[in-house]
Structures are given as structure tokens and as C-alpha cells.
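These notes concern the structure reproduced below.
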Amino acid sequence: MISDNPSDIISCVEFNHDGDLLATGDKGGRVVIFQRDPSSKNCHPRRGEYNVYSTFQSHEPEFDYLKSLEIEEKINKIRWLKRKNPAHFLLSTNDKTIKLWKVSERDKRAEGYNLRDESGQIRDPTSLTALRVPVLKPMELMVEASPRRIFANAHTYHINSISINSDQETYLSADDLRINLWHMEVTDQSFNIVDIKPTNMEELTEVITAAEFHPHDCNVFVYSSSKGTIRLCDMRQAALCDSHSKLFEEPEDPTNRSFFSEIISSISDVKFSNSGRYMISRDYLSVKVWDLHMETKPIETYPVHEYLRPKLCSLYENDCIFDKFECCWSGNDSAIMTGSYNNFFRMFDRTSKRDVTLEASRETAKPRYLLKPRKSMMKLKLVVGECVHQIVSVLQHKLEEQHRRSRNFGKSWEMKWQEFVNQMG
């Protein structure tokens, strides 16, 4: 049954490293873990069918009394740690607090204790006449989720990214203006490795939109900004990585220059390839592939919904132009996937340059088929208040909050917009 409760809307998804488990977080602060059906692996063609494995409440709504602000329970990101023992570990975060969860199975229970009776009550040691050896007996499989660490009080602004280091001992968390480095075993201390907050907030011109560690080099990470740049930093160079090692930025095409150029160039997501040689970035209209050895321009560019370019004026009016989309690599780095509107997501084959549009449908009994983009599909009803905000898209979040937090940033856009309207009028 499909729920219409807003708290059930999925806000993030993440596969574990072997693809057998899929974790989803929702706006109600819950994490639901699905396990792949073993039979779906061996059938031809292979199918990805998942059944509910475990459900737990990760975050609760809170209130910051010092700032008089409500802290939503919505899960922003989930990241799995590599498996080292029979248990699974994952990190989940809302706007302010990161939690480390242990997910484990139990199918046996111990019986025959000496100091406890069968009901669990403690016995009087003086009443014992013989010693018993406890035995393990089978029981119905139980999946338990327990919080192992809680990392809090380190971010002034909303957390938008968490990324686990290749050493599996540290991870980073990023908000709009800062990136912190944590150790998995230390909850009360983190190191600030990037801080772009200006002394005078009126001078703020950009915010951090995403950050990620390199998959192999534990000293390298990247972060993207609302200005369309990607900065690569090396923690061996300095404790505070405000000065980057490399800056990836595509030169602006003068023929496409418009009032909206800076907004649509804002990068909403960045991901390293599994090999570590490339990375992809997602802006409003396209996905770009970058070679870490070439900073001047991307080596590949894939338009996602170029048909929206003539409608940017209407999209700006109803704030849809600030919508945020994510992207990801296939396991062998041969394909790229990202989200779009109307419950569509796009897949691009880097070898054949073929792209496929798929639809996320609620009708599970519906035959599986590929969708070919048609003009009729592409025409969005851009009506204020009833735009695409209602679309339940796993890969979509809002950038609007990030642009509004800086009064100077907002004022400059209003002035530019007024100039644009005057020119058009």
C-alpha cells in the first residue's frame, strides 16, 4: 500500500558495497533497509528485487532553544561502512546530528544461566546446588539496529554531505560554509578542514553544495560550490585546506550567457568514479565528467533536460530553478545515472553515448519497459505553487535554502532580476 503521509517521502537512498542491502531514509527520520532477494540474482534476465530487512527510527525532531529553530528529523544522507564482521554499520544524518548505527542478526539465544532463572529473574547465589553450562538454542531470526556513536554540535548550518574515508576510520561532514573531519571513535571532537565563511557575511558569494573523499587516497577530497567550481584538496599540504590543490571549472560559453547562467551552473552533487581517475558533477541542466588530470574543462558533457533552457524565466519565478539533483556511477564506471522531473531518471552509457530514460512508477505490476523522451512528456506545467515540488524523487532536493541564507547573495539576485525585467519591459 502506498502512503500519502508526507513523512514517508524518501529523502535519500544508498546501496552497500556489494549491492545486497539498500538503505532508504525518509522525511520522518526513519531508515528502512531492504535486502536483495537471492532468487533475483540467478534468474535471467537478472532482476533487482528487494524485501524489507530492518526498519528503525534514526532521528527525532528537535528544537534549538538558543536559536529558536526547529531541527527536522528528515534524513539527508546515508553512507555504509565496508563490512568487517557479520554486522553492518552505516552513518545517517539529518541537518545537525550524525549517527553511527550497527545492524546485526541474531538467530540463537543462550539458556541455562546459573544466576538467572528462565524468566530472567536473578537467583539467590546461596540457593545454587549445582553449576550448569549455558547452551545456545535456535530462535526466530531477529535483526537489531542499535546506535553506536552520536556526533553532534559541530555544524552551525545544515549538513548536506557525509563521506567515509578509504581508511574506514575517519569521515567528513559538510554544511554550507564548513567541512569537518571526524574519527569514528571520537564523538566530542572534530577538525575543521575547510572554512569559507567570510568575516563579513555581507561578502558571502558562494556556499558548499557537496563534498566527498577520494575512494583510494585517504588524504584527498573534493567539494563543489554554488558558483559551479570543484576544488580538490590534499590534507597533507595543510591542516586547514582553504587553499585548494586543483580547481575544476568550465569556461563559460559567451553565446549561452544569460541572467540565469550563475544559477544553473551551481553544482548540486559531485562523485568520484570507482577507479578514482574521474569524477562527475551535476548542475541544473547537465552531467559533466572530469578527468582529475585536466582542470580546464570536462571531458564529457551529457544534457539531462536541455528542453528547459527556454523556460528558465518561469522556473526562476516559481523557484524550480533551485531544485537539486544527484548523480552516481555504475560499478564499472561505464555508465552514469541522474534524476530528472516527472519521476524520470536518465542513464548515459559512456562507451556507446547512448542514453536511456526510465520512469519510477508506483505500479509494480506494470510491464517493465524503456521510455523514449517525447515532446509531450517534456512540456511541464510551470504554474506557481503547483510545479514539480510534488514529485516524489529520490535524487531531488532543494537548493533554495542555500541561496537564501546569504542576504547579500539574495539581494544581488533581486537587483539583477529587476534589471532583467526592466530591460525586457
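The values are calculated or read from the model by the stated rules, or taken from the named source; none is laboratory data. Everything quoted here is computed from the prediction, not taken from an experiment. We place every Cβ from the backbone using ideal geometry, glycine too, and count neighbours over all the protein chains shown. We work out accessible area using only protein heavy atoms, side chains counted, and drop any ligands, DNA or RNA first. Shrake-Rupley method; radii C 1.70, N 1.55, O 1.52, S 1.80 Å.
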Under a 5 Å amide H to amide H cut-off, with H placed in plane at 1.01 Å, what residues pair with residue 76 once short-range neighbours are removed? 93, 94
In sequence order, calculated HN-Hα J values of segment 67-79 (Karplus, 6.51, -1.76, 1.60; Hz; x Gly/Pro): 9, 6, 10, 7, 10, 5, 8, 3, 7, 8, 8, 10, 9
Please work out the C-alpha center-to-center distance from segment 173-215 to segment 274-290 and express it in whole Å. 21
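Rounded to the nearest percent, how much of the accessible area of segment 249-344 (1.4 Å probe, protein heavy atoms only) is carbon and sulfur?
Values: 1860 of 3690 Å².
Carbon and sulfur atoms account for 50 percent of the accessible area of segment 249-344.
For residue 201 and residue 84, FRET efficiency with R0 = 41 Å and r from the beta-carbon atoms, rounded to 0.05? Don't skip to the answer; put the middle values down first.
On the way: r = 43 Å, r/R0 = 1.06.
FRET efficiency, residue 84 to residue 201: 0.40.
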Phi to ³J(HN,Hα) by Karplus 6.51 cos²θ - 1.76 cosθ + 1.60 over segment 325-332, Hz, x for Gly, Pro: 10, 10, 8, 7, 9, 6, x, 9
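Just add up the charged neighbours of residue 110: K/R +1, D/E -1, any other residue whose Cβ is under 14 Å from the Cβ of residue 110. The partial results should precede the final answer.
Working: positive: 106, 108, 109, 116, 132, 137; negative: 107, 111, 117, 118.
Result for the local shell: +2.
For segment 37-115, report the accessible area per residue in Å² (1.4 Å probe, heavy atoms, rounded to an integer). Numbers along the way, then the final one.
On the way: 4750 Å² over 79 residues.
Dividing the accessible area of segment 37-115 by its residue count gives 60 Å².
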Expected vector for segment 232-245, Karplus 3J(HN,Hα) from phi with 6.51, -1.76, 1.60 and θ = phi - 60°, integer Hz, x for Gly and Pro, equals 9, 10, 10, 6, 6, 7, 7, 5, 9, 8, 5, 9, 7, 8
Expressed in nanometres to one decimal, the distance between label points 7 Å along Cα→Cβ at residue 319 and residue 257 is 3.1
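Quick one: dipole size for segment 250-305, taken about the Cα centre, charges +1 on Lys/Arg Cβ and -1 on Asp/Glu Cβ, in debye to the nearest 20. Show your work: numbers first, answer last.
On the way: 6 positive and 9 negative charges, 34 e Å.
Charge dipole, segment 250-305, about its Cα centre: 160 debye, nearest 20.
Counting only heavy atoms of protein chains, what accessible area per residue, in Å², does segment 192-314 have with a probe of 1.4 Å?
Numbers: 5240 Å² over 123 residues.
Accessible surface, normalised per residue, equals 43 Å².
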